[in-house]
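**Q** First, the structure itself, so that you have it in front of you.
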Amino acid sequence: MHMIGHTPHSGDAMACPCGAGSSVPLGRRGLLRGVAAGAALLTLAPRLGRAAEGNYEAMILACIDPRFQEPVHAYAVKNGLTGKYSQFIFAGAAIGAVAPKFADWHKTFWDNLAATVQLHNIKKVIAIDHRDCGAAKIAYGDTSISTPEKENELHRTALAEFRKQVKEHQPKLAVETGLMALDGSMMMFS
């Protein structure tokens, strides 16, 4: 068996891609794993090779809460958006874009939305707020989401304001808004 960094004699070693010259055995299994990884990368190449500019479906606005990263991704997959959307993530999702408490953030969101419209020719923006949101508490107080009814009303109001502001900033965009539960289910608001 040859070591990385040594001159291969039987074709079963590869040079270290990091250039560090470390001696790591490769062997037949390692070589086969490398070939399989290369093949997997080739299947991703069409998606990875897309131009930064193009025609995409949407921008998804979501919250920074780690509990919702996978459910938001699952929502995108379920709705056929894989590889067809840009994403903007900050605390509160739509609340971060419209709440007076986060006024310093608003320009950043609207500028990013304008950039994705220009670069990606998106057709809609999808705002996904979520239950038990810490940013909602920061923006509107702990009691604002103390009951399911209050929480629903807070998000209904914030998402309505978000839709209104999207129409002011990007009148040609369609807007979808929803409130995601901890289990990933969505209550849509229109």
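**Q** Residue by residue through region 124-173, note down the ones that are surrounded by 15 or more Cβ atoms within 10 Å (Cβ to Cβ), among the β-branched types (Val, Ile, Thr) and either modelled with pLDDT under 95 or not assigned by TED's automatic domain parsing to the domain that holds residue 114 (or both).
**A** Within region 124-173, 145 is the sole residue that qualifies.
**Q** Could you please give the count of residues in region 98-130 that are out of contact with any His (no Cβ under 6 Å at 6 or more places or on another chain), under 16 Å from residue 176 (Cα atoms) and not in a loop (DSSP other than H, G, I, E, B)? Please lay out each step first, then the result.
**A** Here is the first cut: in region 98-130, the residues out of contact with any His (no Cβ under 6 Å at 6 or more places or on another chain) are 98-109, 111-128, 130.
Add one more test, that the residue is under 16 Å from residue 176 (Cα atoms), and what stays is 98, 113, 117, 122-128, 130.
Those still in the list that are not in a loop (DSSP other than H, G, I, E, B) too: 98, 113, 117, 124-128, 130.
Of the residues in region 98-130, 9 are out of contact with any His (no Cβ under 6 Å at 6 or more places or on another chain), under 16 Å from residue 176 (Cα atoms) and not in a loop (DSSP other than H, G, I, E, B).
The values are calculated or read from the model by the stated rules, or taken from the named source; none is laboratory data. Predicted model only: the values in this text are computed from it and were never measured. Note that each Cβ is placed from the backbone with ideal geometry, even for glycine, and that neighbours are counted across all protein chains shown.
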